[in-house]
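Engineer: I'd like to ask you about the structure that follows.
Rule-based calculations on the coordinates, nothing more; no lab input. Keep in mind the model is a prediction, meaning the values are calculated, not measured. Cβ placement follows ideal geometry from the backbone for every residue including glycine, while neighbour counts extend to all protein chains displayed.
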Amino acid sequence: MKKAIYILFFAIILIACGKTYDDGPSITFRSAKNRIVGTWKVDKFYIDGADSTDEFNSKLGCQIEFLKDPFPQSYKCFKLYLKQCNDNAIYSGYWCFLSSTNKNKVQIDLLKDTTFINAIGTFGSERYGRWTILKLTNKELNLTTEGWDYEWGFGMRTFLLNLKKI
């Protein structure tokens with residue numbers, strides 16, 4: 001009887017720690033927030049399926065730093081920085097999960113900054129993206145979103161962002 005209780009308890013733990021994201025790990029003991037927090041570099045950036053990594057790197061070339069520090073105007077959001085950019089600027093914003101129970105969507109907002117010249121996609125002054133997390137491990141984060149084409153004004157485009165933790 002005692003053995004059956006241990007097996008049942010272990011099975012419940014495995015199910016509770018199971019796969020949250022389609023391409024994510026099968027089992028993880030770290031929360032989604034703890035896996036996101038850190039500094040990430042852009043490995044690949046796609047716009048409507050076309051590899052736009054070189055364009056991202058030439059315009060911005062930033063690393064993205066997700067922090068645990070609370071964002072002052074919101075109790076649910078946390079600070080975010082774009083740093084090590086080509087223009088040596090540091091851009092600030094915030095990130096948060098869109099739901100406290102469903103950690104599949106994360107919002108990334110960049111604050112108004114008149115010096116943000118080389119914008120691309122959802123990365124620019126007062127731009128935001130509601131990203132769906134496709135994969136989240138300790139070392140890899142893949143996000144996708146549909147957003148307005150600010151540069152050309154032709155409507156919605158699909159962006160895919162593959163990040164590697166530094």
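Engineer: If I model a spin label as a point 7 Å beyond the Cα along the Cα-Cβ vector, how far apart are those points for residue 86 and residue 135 in nm?
Structural biologist: 2.6 nm
Engineer: Report the convex hull volume per residue for region 30-165, counting only C-alpha atoms, in Å³. Walk me through the numbers before you get to the answer.
Structural biologist: Values: hull volume 14.0 nm³, N = 136.
Given the Cα convex hull of region 30-165, per-residue volume reads 103 Å³.
Engineer: Another question about this same structure. Calculated FRET efficiency, residue 57 and residue 105, Cβ-Cβ r, R0 25 Å, to nearest 0.05?
Structural biologist: Calculated value: 0.45.
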